[in-house]
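Everything below concerns the one structure shown next.
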Amino acid sequence: MVARAARATDLADLDGAVSNCFACPRLVSWREEVARTKRAAFREQHYWGRPVPGFGTPDARIGILGLAPAAHGGNRTGRIFTGDRSGDVLFAALHRAGLANQPTSVAADDGLTLRDTRIFAAVRCAPPDNKPTPAERDTCAPWLHREVGLIRPTLRVVVALGAFAWAAWWPVLRDVYGVRPPSPRPAFGHGAHWSGTAAPELLGCYHVSQQNTFTGRLTPLMLDDVFARAKQLAGVD
Ligand code: SF4
């Protein structure tokens, strides 16, 4: 799997290859079981039930790093942050920031396009309880690392959604940029900012999960501030 990720010549090749990954037995079993049993509201739909590739422009200056696909969101629709409440919040914010052509993301063929932005997850398969294990994160890392490697020429800023994504970023520095990660690692927080030489700036943002958005821990205004900062750092108008 590591070798297959490293061999990917472009994003289309990478997206196709990751979609056929079976490296994590627990996650393969879960993603397929969810796709079989379905949620009642989506009973008539065909679930994707496979790893979910990144989404966005190949010349992105802004990367958005999430945790993993949602069982009935990305795992259903086949597109990251698509078809669930987290995506509703995220894409509404990207639309307000001028980084998405529409504020909604409901299906892989809904016409959504991004500008200067690519979204990817630290783990590409939906995990039970949204909680991948550290071993699953490490197993999946080569897909993330290759994706960042492919957009490295333009990538200037990465927004890490939540502490898991924030932690998943540090090995990218070593593997993709040949940069030693800072020690100790900077703590995750909403609005946290790490800046190093020869690597993208890193911004922390609370995850757009319902747990955060329904409770007001993460508000639309807070998201607007993060994406305004990301655009400024990336030189996006
Ligand atoms: S989580 Fe990543 S490494 Fe594991 S099966 Fe899915 S795509 Fe493969």
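Here are the numbers for the structure shown:
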quantity: Accessible area per residue, Å², segment 171-222 with all protein chains present, probe 1.4 Å; calculated: 56
quantity: Per residue accessible area in Å² of segment 33-91, where ligands, DNA and RNA are left out and the probe is 1.4 Å; calculated: 40
quantity: Rounded to 5, percent antiparallel among DSSP beta bridges of segment 1-146; calculated: 40
quantity: Dipole moment magnitude, nearest 20 debye, segment 74-148 about Cα centre, only Lys, Arg, Asp, Glu C-beta charged; calculated: 100
quantity: For segment 110-207, size of Cβ-based charge dipole, Lys and Arg +1, Asp and Glu -1, in debye; calculated: 240
quantity: Extension gain (nm, one decimal) between residue 28 and residue 163, 0.36 nm per residue minus Cα-Cα; calculated: 46.2 nm
quantity: Segment 95-104 - phi-based ³J(HN,Hα) in whole Hz, Karplus 6.51/-1.76/1.60, Gly and Pro as x; calculated: 5, 4, 7, x, 9, 9, 7, 8, x, 10
quantity: In Å, descending, principal axis extents of the Cα set of segment 76-220; calculated: 39, 32, 28
quantity: Segment 4-81 pair-distance distribution - Cα-Cα, 5 Å bins, rounded %; calculated: 3, 15, 22, 24, 18, 11, 6, 2
quantity: Protein accessible area in segment 64-154, 1.4 Å probe - carbon and sulfur %; calculated: 54
quantity: Dipole magnitude of the chain, debye to nearest 20 (Cβ charges: Lys/Arg +1, Asp/Glu -1, about Cα centre); calculated: 400
quantity: Phi to ³J(HN,Hα) by Karplus 6.51 cos²θ - 1.76 cosθ + 1.60 over segment 47-56, Hz, x for Gly, Pro; calculated: 7, 4, x, 9, x, 10, x, x, 9, x
quantity: Max mean-square fluctuation residue, GNM over the chain, Cα-Cα springs under 10 Å, options 37, 133, 82; calculated: 37
quantity: Cα lying deepest toward the dipole's positive end in the chain, options 73, 221, 111, charges on Cβ; calculated: 73
quantity: Estimated inter-spin distance, residue 106 and residue 217, nm [label 7 Å along Cα→Cβ]; calculated: 2.9
quantity: Sum of side-chain charges, residue 100 neighbourhood, beta-carbon under 14 Å (Lys, Arg +1; Asp, Glu -1); calculated: +1
quantity: Kirkwood-based shape ratio for segment 44-114, expressed as Rg/Rh from alpha carbons; calculated: 0.94
quantity: Accessible surface of segment 155-203, 1.4 Å probe, proportion on carbon and sulfur as whole %; calculated: 52
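The values are calculated or read from the model by the stated rules, or taken from the named source; none is laboratory data. Model, not experiment: these values are computed from the prediction. Backbone-built Cβ (ideal geometry, glycine too); neighbour counts: all protein chains shown. What goes into the accessible areas is simple: the full protein's heavy atoms, side chains included, and nothing from ligands, DNA or RNA. Shrake-Rupley method; radii C 1.70, N 1.55, O 1.52, S 1.80 Å.
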